[in-house]
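Accompanying notes for the structure given below.
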Amino acid sequence: MNSERLGKTSLRERFRQESAQEILTAAEAVFIEQGLAGASMSQIAERAGVAVGTLYNRFKDRETLLQELLSQRRAQLLAELDLTARQLAAFDLRERLTGVVHAFLLQCEQHRPFLRLVFASEWAHGPSKELMLRALRERMAAVLAPSRGALREDPEGSFPVLLISLVRGMLERDRYGLPVLDAATAASQIAEFFLKGAQS
């Protein structure tokens with residue numbers, strides 16, 4: 001009896017999580033189409049195939065939903081970077097660096113229209129952005145840390161920040177009138193440029 005109830009609870013929870021994910025996916029599409037200010041809860045509910053009341057049961061308002069979507073995208077990016085860094089921990093600096101940057105670019109490419117929209121808005125500022133930038137800096141620092149002797153000394157801790165700036169610049173190539181590079185090519189170019197400029 002208990003295991004049956006546990007199974008039902010687990011199934012209900014899984015359905016709830018899948019439903020929430022469908023809502024967030026629908027919300028991302030509507031935000032891209034209508035803009036952050038133009039998207040409405042009714043449009044998101046219609047795209048997700050749920051009643052507006054159901055949407056409000058899950059999310060207090062549009063801003064809460066947007067924050068949840070941003071939080072999920074940040075968590076996905078950081079989790080992917082952590083996984084890639086663990087998988088490449090035994091490799092040399094060039095391979096670790098290229099692999100982690102490649103994972104970074106792939107995650108950003110997957111959600112490029114939405115992230116670009118967010119970066120251009122007031123949502124791009126504030127405490128959550130600062131926390132994200134710190135988290136990215138810490139992860140890039142961890143990738144570079146085991147490479148003592150391969151890089152010059154960096155007492156100011158600038159190398160991780162410069163690396164992130166290279167990634168962000170590569171993601172913006174089209175804004176400079178340049179074709180977008182595939183993630184593998186871009187990661188290789190970033191690693192090559194970074195290492196040649198930072199070699200001891």
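Points worth noting:
- In the set (1) closer than 30 Å to residue 184 by Cα; (2) touching a residue at least 60 places away in the same chain (Cβ under 8 Å), residue 84 fails one condition alone, (2).
- Residues of the range 32-66 that turn out to be open to solvent by less than 70 Å² (accessible area, probe 1.4 Å), part of a helix (DSSP H, G or I) and either in contact with a helix residue (DSSP H, G or I) (Cβ under 8 Å, 6 or more places away or on another chain) or in contact (Cβ under 8 Å) with a residue 40 or more places away in the chain (or both), as a count: 12
- Residue match in the range 165-172 (condition: free of Cβ contacts under 8 Å to residues at least 40 places away in the same chain, open to solvent by less than 90 Å² (accessible area, probe 1.4 Å) and among the β-branched types (Val, Ile, Thr)): no
- Residues of the range 72-93 classified as within 21 Å of residue 43 (Cβ to Cβ) and either polar (S, T, N, Q) or modelled with pLDDT of 90 or more (or both), total: 1
- Top-ranked residue in the range 146-164 [being surrounded by 12 or more Cβ atoms within 10 Å (Cβ to Cβ) and small (Gly, Ala, Ser); ranked as nearest to residue 100 (Cα to Cα)]: 147
- Breaking point among (1) out of contact with any strand residue (DSSP E or B) (no Cβ under 7 Å at 6 or more places or on another chain); (2) open to solvent by less than 60 Å² (accessible area, probe 1.4 Å); (3) modelled with pLDDT under 95, for residue 190: (3)
- Single residue of 172, 153 found to be under 16 Å from the mean Cα position of the chain (by Cα) and more than 17 Å from residue 89 (Cβ to Cβ): 172
- Criterion: free of Cβ contacts under 8 Å to residues at least 60 places away in the same chain, out of contact with any Lys or Arg (no Cβ under 8 Å at 6 or more places or on another chain) and in a helix (DSSP H, G or I) - qualifying residue of 70, 97, 106: 70
- Candidate set: the range 21-31, residues that are over 17 Å from residue 112 (Cβ atoms) and free of Cβ contacts under 8 Å to residues at least 24 places away in the same chain; chosen: the one surrounded by the most Cβ atoms within 10 Å (Cβ to Cβ): 26
The values are calculated or read from the model by the stated rules, or taken from the named source; none is laboratory data. Quick caveat: nothing in here was measured; it's all calculated off a predicted structure. Positions of Cβ are generated from backbone atoms using ideal geometry, with glycine treated the same way; all protein chains shown enter the neighbour counts. Areas reflect the complete protein model, heavy atoms only, side chains present, ligands, DNA and RNA absent. Shrake-Rupley method; radii C 1.70, N 1.55, O 1.52, S 1.80 Å.
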